[in-house]
Every structure is written in C-alpha cells, then in structure tokens.
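Trainee: Pasting a structure below so you can have a look.
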Amino acid sequence: MTFHSILFERIEDGTSKETPEVPTFFGDLNLDQIIDAITAGRQEYNLKPFFNTALHDVDAILYRQEIMQDLESEAVYACLTGFASSLRAMRKHLAQTEKLYYTYQKERWFLEAVEMYCDAVNRLVSDLAQFDLKSRGLRAFRDYVTDYAAAEYFTTLQATMRQLLIDLGAVKYCLLIKDSTIKVRQYDGETDYSADVEATFEKFKLGAVKDYRVKLNEWVHMNHVEAKILELVAQLYPEIFARLDDFCARHQQYLDDTLARFDREVQFYLAYLDHLSGFKHAGLKFCYPQVSNTSKAIYAAETFDLALANQLVNGHSTIV
C-alpha cells in the first residue's frame, strides 16, 4: 500500500474529515473527561479532533487496532516516542531561531535544526528496520520513510548540511583589539598561547585557590559587537557564508509533509497507550473488541467505566 496516514488507510478518510466540534453526547457518556485525560500535556498536537471523529468502516477500525498492537512492543513504542521527542526538540530550536536578531546567527541555528531533523530520520529508518511489524500502517510507513531517506532531496539536504557544518567549524580568524577598536583579519598560523600561559602559572597554584577565570555568558542572543565581528568574518570567508545563505533560502520548507503529519497522528496511539498504562499498573485489563458491520449485538465481560476508573485509580480506590 502507498502510505499517507497512520490513522486513515484511505486518502478519502483523511484529515479533511477531522471533527473539531465535540459531539453533543460526549458529555452524557463522560467521553469528554476521558479524552481530556488522554490528551493532557499534548496540546501542541491538537489530538481531540481525531477522537471526535467516528469511524464507520470495520476495516478502518482494524487498521488502527493492528497499529496499536504493534505499538504494544516496548521497542517500537520507544522508537516512535524517540522520533517524536527529536522533532519536538527541533521545533523548539526553530522557535528560538525566530527570536534571534542577526542573520548569520539565525542561519547557524537553522542549520542545526536541519541537522536534528536528518539525525531523527536516520535513527527512525535504522530502528524500524529491526522490527517485525505486523500492521499494514506501520509497514507502509517504514517503506515510505526508508525510501524518503534514500531519495535525492534528503541525501542532498543532508550532505550539504554536513559539509557546511565542517566548513564553518574550520573558520579561523584573529581579533586585534586596541582601546575601543576591533580589527578582524584571517588567521595566519599564529601560535595559541593559552596552553603556555596555563603551564607557566600552574606552578603558582598551591592548594585551594580562588578561580579568577571569567564565566562566559551563555545567553543565546548576540550583542551588537559580536554581530559586527561575525559580519566581518563573513566578509573574510565570502564563499562559505554565501553557501550558507543559499542553503537557508532553498530549504525553509525542509520538513516532509508526510513525516510531519505522521508525527502528529501517531500521538493518537501513544497518548492512549500512556493513559492505559496507569490502569494496567492498577491491575485492570484491556482487550481489542471484535467489531461487526452485520450485527448490532453488544457483549462485554468484566468491563468498567473508564472515566470513573480514572478518578478511582488516582484516589487509590477500588474499581468495580
């Protein structure tokens, strides 16, 4: 199958049919309390429309049940939560980039965000290859992300990013500081006397001594002096910084739409599994229901109210 969604096997059942409005009967059945508990802490993913949307096809339900069963594997679960954590860190990094003022600093942070993304995709491909997945959805997703990681766009993106990081890391320059004037010029093989100075004064270090070293500010924002120095360094290495400009301009939309959608949709399963873990630790059991499109008969043994159980488990009370 061609992958496009971890929630909907068919394109026609996709996200265009999300239901943002809470169905009126949810309050009567306390389903609103259940969904609030499941989605707590995951507001960034906007999961409630998925829970508000009913499925009317048996195979669509089985598609999700298969995926949930694969995710009951601790290794598979850890793989996908790890991918989600990596993309969350990437988004946080990008958000910080938007708060910066100076172009080259913003571009360097953007380059790091791309590095985080590429690393996350590579780890995901490597991890998924180890699993004996049974579900149609996760098998199709594994094929998709494996093909994506081998495709020209991603390999070029990654190779260009890596080379830029190497080239920027190799940039060396000298600062000539006199009074209120700073001159920037290319490094010309000057000796780094830091080690010599430390060795010279090491002999005066007797017992516990006060540390007079200046602690550098870890604040991410640059001041105007640092920004001007960076601007002058860029003039010393125009080819490298021109490639950095071009990379950032070309790859603003580097995040693959399908992977971004997967990152959001897979939280539907992960959030539910996290919610159930508390009940399972309390000794409560769960199963996968058999569904039918020909019979309306309903049968459940040893069932319990999920909303009430949530309150009772948290209060260490007995569930009937």
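Trainee: Name the helices (runs of 4 or more DSSP H) wholly within region 30-83 that hold at least 1 residues that are in contact with a Phe, Trp or Tyr (Cβ under 7 Å, 6 or more places away or on another chain) and more than 25 Å from A140 (Cβ to Cβ)?
Mentor: Qualifying helices (runs of 4 or more DSSP H): 31-39.
Trainee: From the list K134, K205, K210, K215, which one is in a loop (DSSP other than H, G, I, E, B) and at pLDDT 95 or above?
Mentor: Selected residue: K134, the only one of K134, K205, K210, K215 that is in a loop (DSSP other than H, G, I, E, B) and at pLDDT 95 or above.
Trainee: What is the residue count in region 95-108 for residues that are in a helix (DSSP H, G or I) and either surrounded by fewer than 17 Cβ atoms within 10 Å (Cβ to Cβ) or in contact with a Pro (Cβ under 9 Å, 6 or more places away or on another chain) (or both)? Let's see the steps before the verdict.
Mentor: Here is the first cut: in region 95-108, the ones in a helix (DSSP H, G or I) are 95-99, 103-108.
Narrowing the set further to residues that are either surrounded by fewer than 17 Cβ atoms within 10 Å (Cβ to Cβ) or in contact with a Pro (Cβ under 9 Å, 6 or more places away or on another chain) (or both) leaves 95-96, 98-99, 103, 106.
Of the residues in region 95-108, 6 are in a helix (DSSP H, G or I) and either surrounded by fewer than 17 Cβ atoms within 10 Å (Cβ to Cβ) or in contact with a Pro (Cβ under 9 Å, 6 or more places away or on another chain) (or both).
Trainee: Run L87 past the list (1) more than 27 Å from D143 (Cβ to Cβ); (2) crowded, with 17+ Cβ neighbours inside 10 Å and report the number of the one that doesn't hold.
Mentor: (1)
Trainee: Output the residues belonging to region 262-320 that are surrounded by fewer than 10 Cβ atoms within 10 Å (Cβ to Cβ), of a type in the set (K, R) and either assigned by TED's automatic domain parsing to the domain that holds D57 or over 22 Å from I67 (Cα atoms) (or both).
Mentor: K296
Trainee: Scan region 16-44 residue by residue and report those that are surrounded by 18 or more Cβ atoms within 10 Å (Cβ to Cβ) and either closer than 18 Å to H4 by Cβ or in contact with a Leu (Cβ under 6 Å, 6 or more places away or on another chain) (or both).
Mentor: I34, T39
Trainee: How about region 173-191: which of its residues are among the charged types (D, E, K, R) and under 43 Å from the mean Cα position of the chain (by Cα)?
Mentor: Selection gives K183, R185, D188, E190.
Trainee: A further question on this structure: Which residues, taken from region 275-320, are within 25 Å of E74 (Cβ to Cβ), without any contact (Cβ under 8 Å) to a residue 40 or more places away in the chain and assigned to a helix (DSSP H, G or I)? Steps first, please.
Mentor: Narrowing region 275-320 to residues within 25 Å of E74 (Cβ to Cβ): 275-289, 306, 309-310, 313-314.
Now drop any that are not without any contact (Cβ under 8 Å) to a residue 40 or more places away in the chain, which leaves 276-287, 289, 309, 313-314.
Result: L276, S277, G278, F279, K280, H281, A309, V313, N314.
Trainee: Go over the candidates L87, L100 one by one and state the one that is at pLDDT 95 or above, aliphatic (A, V, I, L, M) and at negative phi.
Mentor: The conditions single out L87.
The values are calculated or read from the model by the stated rules, or taken from the named source; none is laboratory data. Treat the numbers as computed from the prediction; the structure is a model and nothing was measured. Positions of Cβ are backbone-derived with ideal geometry, glycine not excepted, and every protein chain shown enters the neighbour counts.
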